[in-house]
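Data first, discussion second: the structure below is written as structure tokens.
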């Protein structure tokens, strides 16, 4: 009986659907070295209801409150993200200097060592070598700090995960049945599709409000999207800027 009441209450606040629709295009992007990069061969879900609101309703009806991640552990996880970014930027700069050294070396091999151009390029090569050594030291130090905190944080996250998973196995035991009942009452189904090599996916949906859901794993957690759309945008981008960054569980 409680499952039925929960589904009915949830449907009361779910928007109604129009009869017509149009193709919906989505691109999934994740963090890259210099700019967001497309995520290929990745699943995207199109839901006719707000999954986050449903999760909240089911959690609220559980017999015990949801276990919370300690504030200091969340702060540590945020620090991991910052340290990862520092390491990534330093790594990219180091690789750029190495590429410049390689190109200079190739140019020097084709020049007369007694020429003025050779001497000028050789001096520049020496300066770049010094910068490469400095960046390499900074890159390694940043990596060591990042991985050290990541490992320490992950150990604590694993402990919290066991508690959360035990609670979820009870609280969400009947989630599948509740979801099936909502879909039946709406007369809609969840649509699943996969991105192409450029991170795009185009799917035909019936008219009305839909929620686009996807998630991408990152070193210290995941990028999580649950974005509402009415189909009016030409292309909807799921990118780091509009994602929720969640801890790894």
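The values are calculated or read from the model by the stated rules, or taken from the named source; none is laboratory data. Just so we're clear, the structure is a prediction, and the values are computed from it rather than from any experiment. Glycine gets a Cβ as well: all are built from the backbone with ideal geometry, and neighbour counts include every protein chain shown.
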Failed item in (1) in a helix (DSSP H, G or I); (2) touching a helix residue (DSSP H, G or I) at 6+ places or on another chain (Cβ under 7 Å); (3) at pLDDT 95 or above, with residue 153 passing the rest: (3)
Residue check, residue 125 against (1) in contact (Cβ under 8 Å) with a residue 24 or more places away in the chain; (2) more than 26 Å from the chain's Cα centre (by Cα); (3) within 28 Å of residue 32 (Cβ to Cβ), all met but one. Which one? (3)
Every residue from segment 205-234 that is in a loop (DSSP other than H, G, I, E, B), touching a helix residue (DSSP H, G or I) at 6+ places or on another chain (Cβ under 7 Å) and closer than 20 Å to residue 43 by Cα: 219
Filter segment 186-230 down to residues that are surrounded by 14 or more Cβ atoms within 10 Å (Cβ to Cβ) and either assigned by TED's automatic domain parsing to the domain that holds residue 75 or out of contact with any strand residue (DSSP E or B) (no Cβ under 9 Å at 6 or more places or on another chain) (or both), then give me how many there are. 4
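Let me confirm something: among 68, 137, 151, 109, which residue is surrounded by fewer than 13 Cβ atoms within 10 Å (Cβ to Cβ) and within 30 Å of residue 181 (Cβ to Cβ)?
Checking each option against the conditions leaves just 68.
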Residues in segment 163-185 that are exposed (fewer than 11 other Cβ atoms within 10 Å of the Cβ) and either touching a strand residue (DSSP E or B) at 6+ places or on another chain (Cβ under 7 Å) or more than 17 Å from residue 55 (Cβ to Cβ) (or both): how many? 0
